[in-house]
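Heads up: the structure comes next, in structure tokens.
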Amino acid sequence: MSRIVGIDLGTTNSLVAYMDGEIPRIIPGPRGENKVPSIVGVTDNGLLVGEPAKAYLVRDPSRTIYSIKRFMGKSLADITDELKYFPYAIQEKNGVIRIVIGEKTYSPPQISAMILRELKRRAEAYLGEEITRAVITVPAYFNDSQRQATKDAGLIAGLEVLRIINEPTAASLAYGLQKKTQGLIAVYDFGGGTFDISLLKLKDGIFEVLATNGDTHLGGDDIDRRLVDTILREIKTTYGLDVAACGEIMQAIRLEAERVKIRLSSEATVAMAIELPDGKGRYERMWSRDELDGLAADLVERTLTCCRLALKDAGLQAGQLDEVVLVGGSTRMPLVKRRVHEFFGREPHCELNPEEVVALGAAVQASILSGSNQDMLLLDVTPLSLGIETMGGVMSTLIRRNTTIPTSAKEMFTTYVDGQTSVDIHVLQGERELAKDNRSLARFQLKVPPLPAGVPRIEVTFLIDANGILHVTAQDVRTGASQSIEVKPSHGLTDEEVEHMIRESFQFAAQDIQARQLIEARTEAESILRATEKALSRGAHLISEEEQRSIHAALDLLRAAKDGEDHRLIRARIDEVEKATHHLAEVLMDATLKEALESKKLSQILE
Amino acid sequence: MCWHCQSEVGGEYFCKRCVKVQPLSPDLDYFTCMKLPRILQIDEKALEETFYELSRTFHPDFYTTRDESEKAISLGNTALLNAAYRTLKDPFQRVEYLIRLEAGSAKDIRSAPPADLFEEILELQEDLETYRTVNPAEDPETANQLRAKLQASREHLESRLEELESALFERFRRWDELQGQSGHDGIDPRPQKDALLREMQDLLSHRTYVRNIIQDLADTLG
């Protein structure tokens, strides 16, 4: 059977891991780096993903997409407050956000798929085999639409998503495997864009989630924004400049804010410097850790409110937990560590790299699904209550939050009018009283035979599977006939759209390869240029002037090609330079050889 | 009969012949599913052990590589198992389920005030209404008075809730005794059982009512 990889599809960074025997390991990239920044650049020559895209962010912010996870399964109305922070244009179509780049639009699952494809490629290069199946992690507090969007992203990337698994529970698997922990543990997962708290009971290889809570819009990004807002205000006061509309400088500020925040985890003060546009000078400032803590304090307190709610649902007191585990990059902040320590009254664990532990756990889950690990079993819960809209716009709960999944609920429907042939059903997720305050998941229409009012009896089963994703089936109790239900997701792609995107993704893949070939050709051109110039400086006197002229001509052509976008042309120019320098290389080699021989003689003489 | 090989040889969860997982009957009651007698004072540790053991038997994680029919059975069985565990783990859901099982599904458990608390609760609800409309900045005296009164009611109701629950648990013990006697001495304790079930049903509905009021008070008083 082919290998299943574990993927942490993060807001800021993504990772892919596999099981090396019984040990989960992160698959490194070609330069040994573990993280792929979750950034995609849609350039004229194709896609850039990860580190190269990050470099592109300041150059062309309107075509460089980051933090796409914040938009998964969301509508425009959900994110109006934060639109100003994103340099790219955003629209909505059929309840799903679309990113506008040039003349094309991309849904969040498509952008996520580009990151997934990069991880897939990385795994394939490293493991030397085709990878088609994966376990992908999501925040525990992700709702049905967000989970479905993640699954769609996998499909578009050419991956069969065998399981969507919650990030904090994945982390607990990695910890549990390593430490053979038993008892009650809290996983505090504060990442780039989301926060989760999960409380688990670990016993003899069973990982039972007792309760989970969180906020899918609370993460390191929000702390960065506090810094950015302060910087913008200060630039305005000191320089009278409003740079908020300038994409390039905004990205420079955002990246600098992130860098300073990260450095302040290990240093007490950090200097910040930002070049202002149009030669208006330089914004410089020292930041202290205390200042950062002041800006982040209420965000950290919000995470603790989630912790209190989870404890209440689990019927536990903070002091009853045997261990507290920290996950996610934002837990590197000393403020976070301190507040978590105070809240639970015990020192939190962070032995495993908090940015890698989720991917490692996903790999462990992959080994469980593949059948090679029979010892461990994860019993997770659904984070949000599921219900339907009833008379008067009230939500009637069918499945309560923190119910162990898979789980199902049945509901009987009938008609109110003679001859009525359909019943409209609106499925919701959330904890609020009124339907309109909860998340609309889907609507569907139940077909009913035309009979007197109250006679038809249609039983609808709502099943939440082990991925936390809803399935609906219906059966006519009188006839026993089951009916297939076409569920129209409120904030999701339809099956047709996903299929279309899968086809389109093959085309991206081709563009992708082009972009990579261009980067590789340019890198090689640069090293050839450097090497040739060095050779000329050492050996120009050994060759004729005409030869020198032809080498310089070839170099000029290569330089011009390197600035262009055609990787084939660059390759051709490289070949020409190599041809033109063939003789020079020989002459230099002879000279070096001669020198070597001469120095040998010399040394012999010295002997 | 096995859904797969049609053999009649049986087997508890797996066909003895083709070893395919078998669907749990949708009519299976939760007590039977969790290998427990129909009693109310259960061994919670044993319940958890059965839950873990059956989870290892049925969970979809162990059926990823199987065919679609087996996957569907694993999913259905696990959903049933999870419902059984969730219901039996909690003593109040457990007794509610038992009442439905023993008395038929027609009798829903409603929320009703205990008769002796009727007057007190009426007054309390009026006070709650008034308290919600009083502005403590304008009329601090009335607000404080009402608050103190409501606080006292809350404490009274909380102790009443404890009484209701211990009265219920006392009937758990009596139910289990009756269950132990069933079939012995040729006596049919059915009439006693039915009376006990009715008592427990009343206690449950009082408990739900009192709990809702306490929650209301907690939300209002903060």
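The values are calculated or read from the model by the stated rules, or taken from the named source; none is laboratory data. Model, not experiment: these values are computed from the prediction. For neighbour counting, all protein chains shown are included, and Cβ atoms are generated from backbone atoms with ideal geometry for every residue, glycine included. We work out accessible area using only protein heavy atoms, side chains counted, and drop any ligands, DNA or RNA first. Shrake-Rupley method; radii C 1.70, N 1.55, O 1.52, S 1.80 Å.
Whenever you get a sec, line up A:THR523, A:THR238, A:THR390, A:THR216 from highest to lowest accessible area (probe 1.4 Å, protein heavy atoms).
I get A:THR238, A:THR523, A:THR390, A:THR216, largest accessible area first.
Excluding A:ARG302 itself, what net charge comes from residues whose Cβ is under 10 Å from its Cβ, given Lys and Arg +1 and Asp and Glu -1?
The answer is -4.
Counting only other residues whose beta carbon sits under 14 Å from that of A:ALA89, what net charge do I get with K and R as +1, D and E as -1?
Taking every other residue near A:ALA89 into account, the sum is +2.
Any idea of the accessible area per residue across segment B:115-221, 1.4 Å probe, to the nearest Å²?
Ligands and nucleic acids excluded, the result is 60 Å² per residue.
In square nanometres, what is one fourth of the surface area of the convex hull spanned by the alpha carbons of chain A?
37.5 nm²
Expressed in whole Å with the largest first, what are the equivalent ellipsoid semi-axes of chain B derived from the C-alpha gyration tensor as the square root of 5 times each eigenvalue?
Each semi-axis is √(5λ); the values are 47, 24, 13 Å.
What number comes out for the charge environment of A:LEU264, summing +1 per Lys or Arg and -1 per Asp or Glu over other residues with Cβ under 15 Å away?
Summing Lys/Arg as +1 and Asp/Glu as -1 gives +2.
Average the reciprocal distances over every distinct pair of alpha-carbons in segment A:384-493, invert the result, and give the Kirkwood radius in Å.
14.5 Å
In a solvent-free Debye calculation with one equal scatterer on each Cα, what is log10 I(q)/I(0) for segment A:245-304 at q = 0.19, 0.22, 0.28, 0.30 Å⁻¹, listed in the order of the q values?
-0.78, -0.92, -1.13, -1.19
Going by a 1.4 Å probe on protein heavy atoms, which residues of segment B:65-91 end up with at least 30 Å² less accessible surface in the whole assembly than in their chain alone?
Listed by number, the residues meeting the 30 Å² cut-off are B:THR65, B:LEU75, B:ALA79, B:ASN82, B:ARG86.
Run the reach check for A:LYS84 against aspartates and glutamates, Cα to Cα strictly under 15 Å, same-chain hits fewer than 8 apart removed. What comes back?
A:ASP221, A:ASP222, A:ASP224, A:ASP229, A:ASP242, A:GLU248
Provide the per residue accessible area, probe 1.4 Å, for chain A, rounded to a whole number of square angstrom.
Accessible area per residue: 44 Å².
Setting aside same-chain residues fewer than 8 positions from A:LYS151, which lysines have a Cα under 22 Å from its Cα?
A:LYS35, A:LYS69, A:LYS74, A:LYS93, A:LYS120, A:LYS488, B:LYS71
Take the alpha-carbon positions of segment B:30-89, form their convex hull, and give its projected area averaged over all directions (one quarter of the hull surface) in nm².
Here the figure is 3.8 nm², rounded to one decimal.
For segment B:74-173, just list the percent of Cα-Cα distances falling in each 5 Å bin from zero outward, please.
All Cα pairs considered, the percentages come to 2, 10, 13, 15, 13, 11, 10, 9, 7, 5, 3, 1, 0.
Using a 10 Å cut-off on Cβ atoms, rank the peptides A:515-522, A:200-207 from the highest mean neighbour count down.
So the order, starting with the most tightly packed, is A:200-207, A:515-522.
What per residue convex hull volume, in Å³, comes out for segment B:115-221 when only alpha-carbon positions are used?
82 Å³
Please list the helices of chain B that count as membrane-span-like by this rule: a mean Kyte-Doolittle hydropathy of at least -1.0 together with Cα atoms stretching 20 Å or more along the helix axis, each helix being a complete DSSP H run.
Taking the DSSP H segments of chain B (at least 20 Å long, mean hydropathy at least -1.0), we get B:44-58, B:68-89, B:118-133, B:190-221.
How much accessible area per residue does segment B:30-89 have, counting only protein heavy atoms and a probe of 1.4 Å, in square angstrom?
39 Å²
Only bridges whose two residues both fall in chain A count here: according to DSSP, what percent of them are antiparallel, nearest 5?
If we restrict to bridges inside chain A, about 80 percent are antiparallel.
Just checking the output field for B:53-64: average partner chain Cβ neighbours within 10 Å of each residue's Cβ?
5
What total accessible area, in Å², is buried where chains A and B meet, using a 1.4 Å probe and rounding to the nearest 100?
1900 Å²
Per the 1.4 Å probe, what fraction of the accessible area of segment A:342-436, in percent, lies on carbon and sulfur atoms?
Looking at segment A:342-436 in its full context, I get 47 percent from C and S.
Top to bottom by accessible area (1.4 Å), largest first, where do A:GLU499, B:GLU126 land?
Reading off the accessible areas and sorting them downward yields B:GLU126, A:GLU499.
Just order A:546-555, A:146-155, B:129-138, A:434-443 by mean Cβ neighbour count inside 10 Å, highest at the front, would you?
The densest-packed peptide leads the list: A:146-155, A:434-443, A:546-555, B:129-138.
Over chain B, with every protein chain in place, what whole percent of the accessible area is carbon and sulfur at 1.4 Å, could you tell me?
Roughly 48 percent, rounded to a whole number.
Pull up the cross-link candidates among the lysines for A:LYS534, meaning alpha carbon to alpha carbon under 17 Å and not fewer than 8 places away within one chain.
Candidates past the 8-residue exclusion: A:LYS579.
So what's the back-of-envelope 222 nm ellipticity for chain B, counting only DSSP H runs of four-plus at -39500 (n - 2.57) apiece and dividing by all residues, rounded to 500?
-22500 deg cm²/dmol
Which trypsin sites (Lys or Arg not before Pro) does segment A:15-120 hold that lie in a coil by DSSP with at most 12 other beta carbons within 10 Å?
A:ARG31
Over the Cα atoms of segment A:498-604, Rg to Rh with Kirkwood Rh, two decimal places?
Ratio of gyration radius to Kirkwood radius for segment A:498-604: 1.25.
If every alpha-carbon in segment A:238-395 counts as one equal scatterer, what log10 I(q)/I(0) does Debye give at q = 0.10, 0.19 1/Å?
-0.63, -1.24
Under the rule of -39500 (n - 2.57) per DSSP H run of 4 or more residues, summed and divided by the residues of chain A, what mean residue ellipticity at 222 nm is obtained, to the nearest 500 deg cm²/dmol?
-14000 deg cm²/dmol
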